Amino acid sequence: MTAIGTAAGATSRGSNALSQLWLRSESLRGLTLISPTLVVMFGMMVAPIIVTIVQSFWTQNGFQFDRTPTLGSYAVMLGQDGVIYWRLIGRSLWMSFTATVAVVALAYPMAYFMAFRVTRHKLLWIILITIPFWTSYLLRVFAWKVILGFNGAINSGLIQAGLIKQPLEFLLYNPTAVTITLAHAWAAYAILPIYVSLEKIDRSLLEAATDLGDGPVKRFLRVTFPLSLPGTIAAILMVFIPTVGDYVTPSLVGGTDGMMIGNSIAMMYGRANNQPLGAVISIVMMLVIAVLVGLFLLAVGRRRLLQKA
Amino acid sequence: MHSPTISRLLVTFAVCYLIFLYAPVLLLPLFSFNDNVYPNFPLKGFTLKWYQQMLRDQPLLDALWASARVGIAVSFVSTVLGLFAAKAMTRYSFPGKGTITSLIMLPLVVPSIILGIALLTLVRQVFDLDLSLITVTASHVLICVPLAMLVLMARLEGFDKNLEEASFDLGEGAWRTFWRVTFPLILPGLVSSFLLCFTTSFDEFLLAFFLSGTQPTLPIYIYGLLRFPTKIPGVLAMGSCILMISILVVAFSEWFRRRGIDSQQGSIV
């Protein structure tokens, strides 16, 4: 802001060549304007990641670090002791994948309903969808613990109704509980992008498809669905990527079987006190996510290219 | 456009889905009025004692106040930084725009746990700072700037660039143009950016988990309480109050946004 202020002051006096350059060069002004934001984001995003990569070559020594670079933690990750972390990464990916499929499969019809069936008060529906997400994430996850727990709402409700005698124990503390909770907690992130891309579809295209003899199913598969792909892909990524590293959900409703990689990373920085190994696990997790997302986008892109050809 | 069967199926699905979305959330206020320490059925009777318990729980109120302060600082800083970025993005062309956009957006697609441990390492190993509400604030700014930028870009793209140029032509400088033309026009955007950043920060757990020191934020404090069954009703009461306030805030911001759009259309047409 001050930069613009001074620049404006300088130009109004219209004196030197520098301010002339300033006035003419749009890119210079644009870059100056964005530089504070950029410096902050760079300092808090890129710098920490570089430091973490550097740290992954250190060795934990009690509460201190031996800063001589070593591949020790990578060796642990690739050796016999690392198998458990690879398994956890695999399990986290699988749980996030099932949660993503569940979220998107449930969100798509809802978004479709909002885009095509609702004609008035669309905004009201959008607000209706987002209100549950104004409770804290923590309490939303906790609510599922209340529902699924040993003395929880389902069990006490069913006992009250006389349908069961003993509480069902398989409801909580397993991967399914995590998947259900994630499917609930991330719903808005899937509904909104899919809704936006469905809403954008030119309705005359649908009429054209009908006029040219497509039935509802064929019309959906050949027109509506392909055109909603951008939103659907965004929804898949917006749910999949953050949930792989989730910590709250698995620790509240996952139990031991539902533990995810985020829990073991947090443990390395906490009780287990092995930050370099934690850094290695985080880096591996990021790389695996990046590769999977890249492959996914490539596959989608190629499909679309093939369709065009 | 749809056959009646499909239509009916869609409506049924939508209703069921809304129940799925609302049921868990509505259980919290329900059990917060229930005269039973354990949140389960059958309901025993109406009580307000959990709300009284909540008001007596000084650490809980301290955590609430800490979260509120962090949230206000975060929304202010993020909205200002987001405004710089959004203005540069919408009004100027410069080299490296794509790369810069992806850099600013990056925190939205990196799992929070990675951001948390990376910032923790930076703060402790490079700067050797103590963890405090300030480090929490800094970490929240990281995830809120992209949100603020997105909201403000939408707003800046929405109004006529000529209005700013007219102000320049009429002899106003950049600073006064901003305050007299741009600022009033984007005010609704600033308000929604502020609210979005505040709620994001207020609800954020994982970054605060790694970066808070002795003074916990509300989510951190609540997370600690969830292990103690006797404390849970107070937490439910607090959660219900937050839900109520959020709904009021959303209603207010929606009203404000609409008012903004109406007055803007009025002034241009």
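Which condition number in (1) part of a helix (DSSP H, G or I); (2) surrounded by 14 or more Cβ atoms within 10 Å (Cβ to Cβ) is the one that B:Asn40 fails?
So the condition that B:Asn40 fails would be (1).
For the stretch B:1-27, what are the residues that are among the small types (Gly, Ala, Ser) and in a helix (DSSP H, G or I)?
Those that are among the small types (Gly, Ala, Ser) and in a helix (DSSP H, G or I): B:Ser7, B:Ala14, B:Ala23.
Just checking, does the stretch B:136-155 include any residue being more than 30 Å from B:Ala174 (Cβ to Cβ), of a type in the set (S, T, N, Q) and in contact (Cβ under 8 Å) with a residue 24 or more places away in the chain?
yes
Can you find a residue in the stretch A:192-211 that is outside any helix (DSSP H, G or I), crowded, with 21+ Cβ neighbours inside 10 Å and out of contact with any Gly (no Cβ under 9 Å at 6 or more places or on another chain)?
No, the stretch A:192-211 contains no residue that is outside any helix (DSSP H, G or I), crowded, with 21+ Cβ neighbours inside 10 Å and out of contact with any Gly (no Cβ under 9 Å at 6 or more places or on another chain).
Pairs under 8 Å by beta carbon, first residue without any contact (Cβ under 8 Å) to a residue 12 or more places away in the chain in the stretch A:132-143, partner of a type in the set (Lys, Arg) and surrounded by fewer than 22 Cβ atoms within 10 Å (Cβ to Cβ), six or more apart or different chains?
none
Can you name every residue in the stretch B:83-124 that is within 22 Å of the chain's Cα centre (by Cα), facing chain A (nearest Cβ under 7 Å) and under 22 Å from B:Phe194 (Cβ atoms)?
B:Phe84, B:Ala85, B:Lys87, B:Ile104, B:Pro107, B:Ser112
Hey, could you check the stretch B:219-235 for residues that are more than 8 Å from chain A (Cβ to nearest Cβ) and in contact with a helix residue (DSSP H, G or I) (Cβ under 6 Å, 6 or more places away or on another chain) and say which is modelled with the lowest pLDDT?
B:Lys231
Yes/no per residue for (1) under 30 Å from B:Val25 (Cβ atoms); (2) more than 21 Å from the chain's Cα centre (by Cα); (3) outside any helix (DSSP H, G or I):
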position	(1), (2), (3)
A:Gly82	no, yes, no
A:Arg91	yes, no, no
A:Trp94	yes, no, no
A:Val103	yes, no, no
A:Met110	yes, no, no
A:Phe113	yes, yes, no
A:Ile126	yes, no, no
A:Leu139	yes, no, no
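Scan the stretch B:43-50 and give yes if some residue there is under 19 Å from the mean Cα position of the chain (by Cα), more than 10 Å from chain A (Cβ to nearest Cβ) and among the hydroxyl-bearing types (Ser, Thr, Tyr), otherwise no.
No, that holds for no residue.
So which residues in the stretch A:148-173 are on the phi < 0 side of the Ramachandran plot and modelled with pLDDT of 85 or more, if there are any at all?
A:Leu148 - this is the single residue of the stretch A:148-173 that is on the phi < 0 side of the Ramachandran plot and modelled with pLDDT of 85 or more.
Just one of B:Ser253, B:Ser263 is at pLDDT below 80, closer than 18 Å to B:Pro184 by Cβ and within 16 Å of the chain's Cα centre (by Cα); which is it?
One residue alone meets the criteria, B:Ser253.
Do we find that A:Thr119 is of a type in the set (Ser, Thr, Tyr), assigned to a helix (DSSP H, G or I) and either under 20 Å from B:Leu30 (Cα atoms) or at pLDDT 80 or above (or both) in this structure?
No: the conditions fail for A:Thr119.
Which numbered condition in (1) surrounded by 23 or more Cβ atoms within 10 Å (Cβ to Cβ); (2) touching a Ser or Thr at 6+ places or on another chain (Cβ under 7 Å) is the only one that B:Phe210 fails?
B:Phe210 satisfies every listed condition except (2).
Quickly run through the stretch A:78-92 and pick out the residues that are at pLDDT below 90 and surrounded by 14 or more Cβ atoms within 10 Å (Cβ to Cβ).
A:Gly82
The rows are residues; the columns are (1) facing chain B (nearest Cβ under 10 Å); (2) modelled with pLDDT under 90; (3) within 26 Å of A:Leu148 (Cα to Cα).
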position	(1), (2), (3)
A:Pro226	no, yes, no
A:Thr232	no, no, no
A:Val253	no, yes, yes
A:Asn263	yes, no, yes
A:Met268	yes, no, no
A:Val291	no, no, no
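Do we have B:Leu142 as closer than 26 Å to B:Val70 by Cα and either more than 9 Å from every other protein chain (Cβ to nearest Cβ) or surrounded by fewer than 20 Cβ atoms within 10 Å (Cβ to Cβ) (or both) here?
Answer is no for this residue.
If I ask for residues that are within 13 Å of another protein chain (Cβ to nearest Cβ), of a type outside the set (Ser, Thr, Tyr) and touching a Leu at 6+ places or on another chain (Cβ under 8 Å), which ones from the stretch B:184-202 would you list?
B:Leu196, B:Phe202
Among the residues of the stretch B:55-75, is any touching a Cys at 6+ places or on another chain (Cβ under 9 Å), touching a residue at least 24 places away in the same chain (Cβ under 8 Å) and of a type outside the set (S, T, N, Q)?
Yes; the residues of the stretch B:55-75 include at least one that is touching a Cys at 6+ places or on another chain (Cβ under 9 Å), touching a residue at least 24 places away in the same chain (Cβ under 8 Å) and of a type outside the set (S, T, N, Q).
Go through (1) surrounded by fewer than 17 Cβ atoms within 10 Å (Cβ to Cβ); (2) within 7 Å of another protein chain (Cβ to nearest Cβ); (3) farther than 30 Å from B:Ile222 by Cβ and name the single condition B:Leu10 misses.
Status for B:Leu10: all satisfied but (1).
It is to be established whether one or more residues within the stretch B:172-182 are under 17 Å from B:Thr90 (Cβ atoms), at pLDDT below 90 and away from chain A (no Cβ under 11 Å).
Yes; the residues of the stretch B:172-182 include at least one that is under 17 Å from B:Thr90 (Cβ atoms), at pLDDT below 90 and away from chain A (no Cβ under 11 Å).
Do you know which residues across the stretch A:24-49 are of a type in the set (Lys, Arg) and more than 7 Å from chain B (Cβ to nearest Cβ)?
Answer for the stretch A:24-49, where residues must be of a type in the set (Lys, Arg) and more than 7 Å from chain B (Cβ to nearest Cβ): just A:Arg24.
Identify the single condition in (1) outside any helix (DSSP H, G or I); (2) surrounded by fewer than 16 Cβ atoms within 10 Å (Cβ to Cβ) that B:Phe76 does not satisfy, given that it satisfies every other one.
Tallying (1) outside any helix (DSSP H, G or I); (2) surrounded by fewer than 16 Cβ atoms within 10 Å (Cβ to Cβ), B:Phe76 fails exactly one: (1).
Determine whether the stretch A:147-158 contains at least one residue that is closer than 30 Å to A:Arg203 by Cα, more than 7 Å from chain B (Cβ to nearest Cβ) and either assigned to a helix (DSSP H, G or I) or among the aromatic types (Phe, Trp, Tyr) (or both).
No.
The values are calculated or read from the model by the stated rules, or taken from the named source; none is laboratory data. In this text the structure is predicted, and so the values were computed from the model without any measurement. Note: ideal-geometry Cβ built from the backbone for every residue, glycine included; neighbour counts use all protein chains shown.
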